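S.K.: Structure below; questions to follow.
The values are calculated or read from the model by the stated rules, or taken from the named source; none is laboratory data. Not measured: the values here are computed from a predicted model. Note that each Cβ is placed from the backbone with ideal geometry, even for glycine, and that neighbours are counted across all protein chains shown. Surface areas here come from the heavy atoms of the whole protein model, side chains and all, with no ligands, DNA or RNA. Shrake-Rupley method; radii C 1.70, N 1.55, O 1.52, S 1.80 Å.
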Amino acid sequence: MSDAGPPSIDLPSTPPHARRDISASAVAAGLVAVLVSFGGTAVLMVQAGHAAGLDAAHIGSWIGSLSLVLGLGGAFYSLRTGLPVVMAWSTPGAALLVTALAGVPFNEAVGAFVLAAALTLACGLFGWIDPILRRIPGEVAAAMLAGVLLNFGMGIFSNIGKQPALVLTMCAAYLLCRRWAPRYAVLVVMGVAVAMAAALGLMQVDQLDWRLTEFVWTTPAFSVQAAVSLGIPLFVVAMASQNLPGLAILQAAGYRPPASRLVAATGFLGLLAAPFGAHSVTMGAISAAICTGPEAHVDPNKRYIAAATYGISYVALSIVAGAVAVFFQALPAALLAALAGLALLGTIMGGMAAAMANPQRREAALITLLATASGFSFWGIGSAFWGLAAGLLAHTAFEFKRGRAGA
């Protein structure tokens with residue numbers, strides 16, 4: 001990796017002290033990350049489960065098992081090392097399954113989930129991820145981060161027309177808190193948003209059934225058809241659209257993640273959860289940006305509390321996963337969109353500043369940012385991967401040109 005870009009963060013050599021490091025801003029950032037990630041993807045898994053003809057118990061087991069393992073994995077690693085490790089489920093993978101699961105016996109789908117997790121584990125164990133991450137220049141990683149998050153920032157304003165009273169009240173609360181109590185801005189905005197939505201009658205939660213999650217075992221069955229149509233696409237999409245961007249976001253924030261080890265951990269956790277319906281455990285991307293940004297804490301060494309809060313919250317959600325998924329369907333989409341955008345403003349600003357800091361690499365960074373922010377998707381792989389690819393290609397071309405010119 002280039003020496004330019006965000007400075008590396010040196011984590012303390014001694015184990016972190018969570019009780020001493022805990023802060024309201026970090027806890028708020030972790031909770032906002034849960035709201036954004038769970039609210040955005042759980043609905044897709046409910047839709048995919050309905051398309052596959054699954055009953056409520058199997059859908060709850062799917063969401064609950066994923067919530068449990070990713071929460072435990074991320075919280076354990078964060079509290080043990082002080083690195084803000086955020087694990088997630090594969091949102092592009094869930095979108096893929098909405099159509100791909102139809103007509104596939106669920107035990108064969110579970111076999112495909114096992115295959116995808118095993119391939120991820122192999123990539124981590126063989127150490128194939130670290131060399132890739134080291135070759136991503138800091139400016140390109142920062143531009144990809146800004147590009148991924150740019151639409152969330154613009155979502156604040158695009159949702160004003162949909163729910164003007166709600167979103168404008170949230171914006172006013174944010175501006176006032178940024179002036180008088182900046183560390184608590186996101187926490188206050190979250191409380192104001194929920195209270196305002198309830199006052200406006202935008203939350204329909206009277207039909208919720210808070211039954212406990214049943215973890216239903218499904219014995220995997222393996223077939224070539226399911227492997228080709230589900231297993232391999234899930235693996236490719238998870239690696240390209242979540243794991244690499246998620247690791248690059250940590251890198252763009254100045255951290256030095258043990259990339260291969262973390263990817264191996266997601267694969268191992270995925271193997272454990274797959275027989276209960278879990279389709280893919282990955283590194284978080286958007287949720288990681290919320291937990292590693294300046295809004296979580298001014299001290300980067302204390303942002304792991306946000307990631308730990310995120311993980312512990314997911315463990316708690318796993319107990320009533322199906323009902324929580326329905327609850328998030330009851331929240332106004334404008335609330336989630338505006339909350340995510342306001343929580344990410346500082347991270348977007350930091351990513352853009354780091355991306356454009358080196359004049360010699362601004363063009364490659366700009367190409368990365370534009371390609372990532374475009375939302376372009378090809379072969380089922382999202383724009384974060386293609387933005388990285390475009391930026392690396394541009395960076396290589398420009399560096400080669402400068403090298404030839406100086407020869």
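S.K.: Top mean-square fluctuation among Arg179, Arg303, Arg362, Gaussian network model of the chain, C-alpha springs under 10 Å?
M.R.: Arg179
S.K.: Let me ask another. Ignoring ligands and nucleic acids, what accessible area does Glu363 show with a 1.4 Å probe (Å², nearest 10)?
M.R.: Approximately 110 Å² of Glu363 is accessible to the 1.4 Å probe.
S.K.: Charges only on Cβ, +1 for Lys and Arg, -1 for Asp and Glu: so what's the dipole of the range 94-212 about the Cα centre, in debye to the nearest 20?
M.R.: In total the dipole reaches around 480 debye.
S.K.: Helix-only mean residue ellipticity at 222 nm, the chain, DSSP H runs n ≥ 4 weighted -39,500 (n - 2.57), per residue, nearest 500. What is it?
M.R.: Rounded to the nearest 500, the figure is -21500 deg cm²/dmol.
S.K.: Right, next: Using a 1.4 Å probe, how large is the accessible area of Asp299, given in Å² and rounded to the nearest 10?
M.R.: Solvent-accessible area, nearest 10 Å²: 50 Å².
S.K.: Putting +1 on Lys and Arg Cβ atoms and -1 on Asp and Glu Cβ atoms, find which of Ser374, Leu345, Ala240 reaches farthest to the positive end of the dipole of the chain.
M.R.: Sorting the options by dipole projection puts first Leu345.
S.K.: Highest GNM mean-square fluctuation, the chain, Cα pairs closer than 10 Å: which of Gly74, Gly82, Gly191?
M.R.: Gly191
S.K.: Sort His279, His50, His395 by heavy-atom solvent-accessible area, probe 1.4 angstrom, most to least.
M.R.: His50, His395, His279
S.K.: Tell me, what is the per residue accessible area of the chain in Å², probe radius 1.4 Å?
M.R.: I get 41 Å² per residue for this part.
S.K.: Once you list every other residue whose beta carbon is under 13 Å from the beta carbon of Trp128, what net charge do they have if Lys and Arg are +1 and Asp and Glu are -1?
M.R.: +2
S.K.: Computed on alpha carbon atoms, what radius of gyration and Dmax characterise the chain, expressed in Å?
M.R.: Taking only Cα atoms of the chain, I get Rg and Dmax of 20.6, 72 Å.
S.K.: Is there a quick way to get the dipole size of the chain? I mean about its Cα centre, with the Cβ of Lys and Arg at +1 and of Asp and Glu at -1; what is the value in debye to the nearest 20?
M.R.: That gives the chain a dipole magnitude of about 960 debye.
S.K.: Further, regarding this structure: Long-range amide H contacts for Ser90: which residues qualify at under 5 Å (H placed 1.01 Å from N, peptide plane, sequence gap of 5 or more or a different chain)?
M.R.: Ser280, Thr282
S.K.: Which of these, Phe235, Phe38, Phe376, has the largest mean-square fluctuation under a Gaussian network model of the chain (Cα springs below 10 Å)?
M.R.: Per the Cα network of the chain with a 10 Å cutoff, Phe376 tops the list.
S.K.: Can you sort Val192, Val167 by 1.4 Å-probe accessible area, starting with the largest?
M.R.: Sorted descending by solvent-accessible area, the residues read Val192, Val167.
S.K.: Could you tell me what percent of the accessible area of the chain is made up of carbon and sulfur, with a 1.4 Å probe and every protein chain present?
M.R.: Carbon plus sulfur share of accessible area: 67 percent.
S.K.: In addition: Find out how many positive minus negative residues lie around Cys177, taking Lys and Arg as positive, Asp and Glu as negative, among other residues whose Cβ is under 13 Å from that of Cys177.
M.R.: +2
S.K.: Leaving ligands, DNA and RNA out of it, work out the accessible area of Leu212 with a 1.4 Å probe and give it in Å² to the nearest 10.
M.R.: 120 Å²
S.K.: Just to be sure I understand the rule: take each whole DSSP H helix in the chain, project its Cα atoms onto its long axis, keep it if the span is 15 Å or more and its mean Kyte-Doolittle hydropathy is at least 0.0. Which ones pass?
M.R.: 24-51, 56-81, 106-125, 138-158, 164-180, 185-199, 259-273, 304-317, 333-355, 362-373, 383-406
S.K.: Ranked by accessible surface with a 1.4 Å probe, highest first, in what order do Ile286, Ile367, Ile232, Ile156 come?
M.R.: The ranking, largest first, comes out as Ile232, Ile367, Ile286, Ile156.
S.K.: What is the spread of the Cα atoms of the range 243-317 along each of their three principal axes, largest first, in whole Å?
M.R.: Sorted largest first, the three principal extents are 41, 28, 17 Å.
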